[in-house]
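The values are calculated or read from the model by the stated rules, or taken from the named source; none is laboratory data. Just so it is clear, the model here is predicted, and its values are computed rather than measured. Cβ placement follows ideal geometry from the backbone for every residue including glycine, while neighbour counts extend to all protein chains displayed.
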Amino acid sequence: MSATAFDAAAAARAWRPPPLIASPLLRYAIYGGALLYALLAVGTLEVNWARAAEGLERGARFIAGFFPPDFVTKRHDIMEGLMESLTMTVVSTVIGVALSIPVAVGAARNLAPLPIYLFCRAIIAISRTFQEIIIAIVFVAMVGFGPLAGMLTLSFATIGFMAKLIAEDIEDIAEEQAEAVRATGASWFQLLAWGILPQVKPRLIGLSAYRLDINFRESAVLGLVGAGGIGDTLNTAFDRYEFDTAAAILIVIIAIVLAAEYSSSWIRRKVQ
Amino acid sequence: MLLTLSGLTKRYPTGDLALKGVNLEVPKGQVMALIGPSGAGKSTLIRCVNRLVEPTSGSVVLDGTEITGLGAAALRRARRRMGMIFQEYALVERLTVMENVLSGRLGYVGFWSSWFRRFPRRDVEEAFRLLHRVGLDHMVDKRADALSGGQRQRVGIVRALMQDPQLLLVDEPTASLDPKTSRQIMRLILELCEERGLAAIINIHDVALAQQFARRIVGLRAGEIVFDGPATELTPEVLTTIYGEEDWSQTIRAVEEDEEEAVPA
């Protein structure tokens, strides 16, 4: 028996939630350092307010050139660019998703032996390191201007994106469900189809829909480096100072991106 | 003998010695309960039998086939003869009851037949017959995650039986179930074993349940068999050997009458 009674009230008064960084010295050093750096950084910025005011006016003139948007004069070019972009988007998503599945399986530590795992992780890392524009420039140099370069770019980017996220989902599956399928005498491919696929299917479908949406947006940008699609049409319109046509193209792109975003989020909600 | 384990040893990569040269024989049609504290190696033992866990050394012989030396294809054929039932049911949650049941036939059908769910008619018939037997023939197309615990475990049992096994490996079948459902599930497993002449190794925490349903009890402690005998010989001394010191007088049914009622401390 202890002689003194335990004072819970005093203990509760003395208790504080533990801080993020335990050492007070280090804690204040980090906070103080961050604040000092922010102040110094702001101090080094050189803002030419006169130039900015002038630029504002130029920007206003530039935007005014967009109105009214002209859908009619170049409607054939717009339609052509749009169809090219949509084709590029769908084809590259299908190819990219199809290729990303084996890579994802290889990049899941619970399924693949170490050498295959490292190889597939390397593919993912390469695909994710380079921004689409850089890859597009390489492909344009390889296969020439046009939508083929854009399609190859988007397929390649899709592999890295899908494979990484699907591999992580495969690593997070409920092991015992896969174990039960193995215990029935199922082959390795049957294990994938019956033990793994049902667990990752909702995410696979949801991510594919999301990637379709991303690929369309990217296809509009890739035209700027000559990789085909609506971006090419947009670029041409700017080069010819046809700002009203450019405005029309931008509106079309915005409308399609919105539609793609709504439908992809609807699909993702449905498959859960 | 249907199943013979000799010198079965498992050392995990972490260095833990889970099984220390276990010798065990299970004759055809015998239902055996394997008891022991958590971490004694019960799960490892039954997983070494179908090599979901690879034994380090020793041998497993099922009906004349040496399991430990088999290549991948032969191992899959051997696994068809051993149905497994799991603690948390281990149903594939997003598949339907029927798909889960038919997955018990995966070892018998090719990949594409299984991909398109084209199973032989008599497999589907057998699935319906067994689902009817366990009272779930009205839930065929329900998704597995829509079922209650007891229902899920019955689907798990049917899946194991679909393999047309000679041996059932049962891992804590009642650990996630309430006492009444636990008893129903144990009774069902025993009835089905009897009907089909199946042998079973049942890992179980609940000593009273083991005693009630299994005639032979094997006690595992720290990877070694420390008791092997009929359920009636399970005395407080034996339980102390298996689990360590505790007041066992309330746990044991058969010997309760002979023992003095323990005074609560």
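Select, from B:R159, B:R196, B:R187, B:R154, the only residue that is in contact with a strand residue (DSSP E or B) (Cβ under 8 Å, 6 or more places away or on another chain) and at pLDDT 90 or above.
Numbers: B:R196 fails: in contact with a strand residue (DSSP E or B) (Cβ under 8 Å, 6 or more places away or on another chain); B:R187 fails: in contact with a strand residue (DSSP E or B) (Cβ under 8 Å, 6 or more places away or on another chain); B:R154 fails: in contact with a strand residue (DSSP E or B) (Cβ under 8 Å, 6 or more places away or on another chain).
Only one candidate qualifies: B:R159.
Which count do you get for residues in segment B:32-60 that are hydrophobic (A, V, I, L, M, F, W, C), within 21 Å of A:A180 (Cβ to Cβ) and in contact (Cβ under 8 Å) with a residue 60 or more places away in the chain?
Applying the first criterion (hydrophobic (A, V, I, L, M, F, W, C)) to segment B:32-60 yields B:32-35, B:40, B:45-46, B:48-49, B:52-53, B:60.
Cutting the leftovers down to within 21 Å of A:A180 (Cβ to Cβ) gives us B:34, B:45-46, B:48-49, B:52-53, B:60.
After this cut, where a residue has to be in contact (Cβ under 8 Å) with a residue 60 or more places away in the chain as well, the list is B:34, B:45-46, B:49.
Selection size over segment B:32-60: 4.
B:P55 - would you say it is outside any helix (DSSP H, G or I) and buried (at least 21 other Cβ atoms within 10 Å of the Cβ)? Can you show your working first?
Values: outside any helix (DSSP H, G or I): yes; buried (at least 21 other Cβ atoms within 10 Å of the Cβ): yes.
Answer is yes for this residue.
Check A:A227, A:A255, A:A248, A:A220 and return the single one that is in a helix (DSSP H, G or I), more than 12 Å from chain B (Cβ to nearest Cβ) and closer than 19 Å to A:A157 by Cβ.
Details: A:A227 fails: in a helix (DSSP H, G or I); A:A255 fails: closer than 19 Å to A:A157 by Cβ; A:A248 fails: closer than 19 Å to A:A157 by Cβ.
Sole residue among the options that is in a helix (DSSP H, G or I), more than 12 Å from chain B (Cβ to nearest Cβ) and closer than 19 Å to A:A157 by Cβ: A:A220.
What pairs can you find where one residue is in segment A:174-190 and more than 7 Å from chain B (Cβ to nearest Cβ), the other is in a helix (DSSP H, G or I), and their Cβ atoms are less than 7 Å apart, with a gap of 6+ or different chains?
Taking only residues 6 or more apart or on different chains, the pairs are A:A174/A:Q199; A:A178/A:L191; A:A178/A:G195; A:A178/A:I196.
Just give me the residues in segment B:94-130 being facing another protein chain (nearest Cβ under 7 Å) and either closer than 16 Å to B:D141 by Cα or at pLDDT 95 or above (or both), in sequence order. I'd like the intermediate steps shown before the answer.
First pass over segment B:94-130, keeping only residues facing another protein chain (nearest Cβ under 7 Å): B:94-95, B:103-104, B:106-107, B:111, B:114-115.
Passing the criteria: B:R94, B:L95, B:S103.
Failed condition for B:P173, given (1) closer than 23 Å to B:L102 by Cα; (2) part of a strand (DSSP E or B), with all others met?
(2)
Does B:R47 qualify as being in contact with a helix residue (DSSP H, G or I) (Cβ under 7 Å, 6 or more places away or on another chain), basic (K, R) and either within 8 Å of chain A (Cβ to nearest Cβ) or closer than 22 Å to B:A175 by Cα (or both)? Working first, answer last.
Numbers: in contact with a helix residue (DSSP H, G or I) (Cβ under 7 Å, 6 or more places away or on another chain): no; basic (K, R): yes; either within 8 Å of chain A (Cβ to nearest Cβ) or closer than 22 Å to B:A175 by Cα (or both): yes.
Considered against the rule, which asks whether it is in contact with a helix residue (DSSP H, G or I) (Cβ under 7 Å, 6 or more places away or on another chain), basic (K, R) and either within 8 Å of chain A (Cβ to nearest Cβ) or closer than 22 Å to B:A175 by Cα (or both), B:R47 comes out as no.
Looking at (1) within 14 Å of chain B (Cβ to nearest Cβ); (2) loosely packed, with under 15 Cβ neighbours inside 10 Å, which is the only condition A:Q131 fails?
Only one criterion in (1) within 14 Å of chain B (Cβ to nearest Cβ); (2) loosely packed, with under 15 Cβ neighbours inside 10 Å is unmet by A:Q131, namely (1).
Answer yes if at least one residue in segment B:61-70 is closer than 22 Å to B:A33 by Cα, touching a strand residue (DSSP E or B) at 6+ places or on another chain (Cβ under 7 Å), in contact (Cβ under 8 Å) with a residue 24 or more places away in the chain and more than 10 Å from chain A (Cβ to nearest Cβ), and no otherwise.
So far as segment B:61-70 goes, yes, one or more of its residues are closer than 22 Å to B:A33 by Cα, touching a strand residue (DSSP E or B) at 6+ places or on another chain (Cβ under 7 Å), in contact (Cβ under 8 Å) with a residue 24 or more places away in the chain and more than 10 Å from chain A (Cβ to nearest Cβ).
Can we say A:G160 is closer than 29 Å to A:I249 by Cα and touching a residue at least 12 places away in the same chain (Cβ under 8 Å)? Spell out how you get there, then give the answer.
Details: closer than 29 Å to A:I249 by Cα: no; touching a residue at least 12 places away in the same chain (Cβ under 8 Å): yes.
Judged against the criteria, A:G160 is not a match.
Looking at the structure I just gave you, is A:I196 within 14 Å of another protein chain (Cβ to nearest Cβ), in contact (Cβ under 8 Å) with a residue 24 or more places away in the chain, touching a helix residue (DSSP H, G or I) at 6+ places or on another chain (Cβ under 8 Å) and buried (at least 21 other Cβ atoms within 10 Å of the Cβ)?
Working: within 14 Å of another protein chain (Cβ to nearest Cβ): yes; in contact (Cβ under 8 Å) with a residue 24 or more places away in the chain: yes; touching a helix residue (DSSP H, G or I) at 6+ places or on another chain (Cβ under 8 Å): yes; buried (at least 21 other Cβ atoms within 10 Å of the Cβ): yes.
So A:I196 passes the test.
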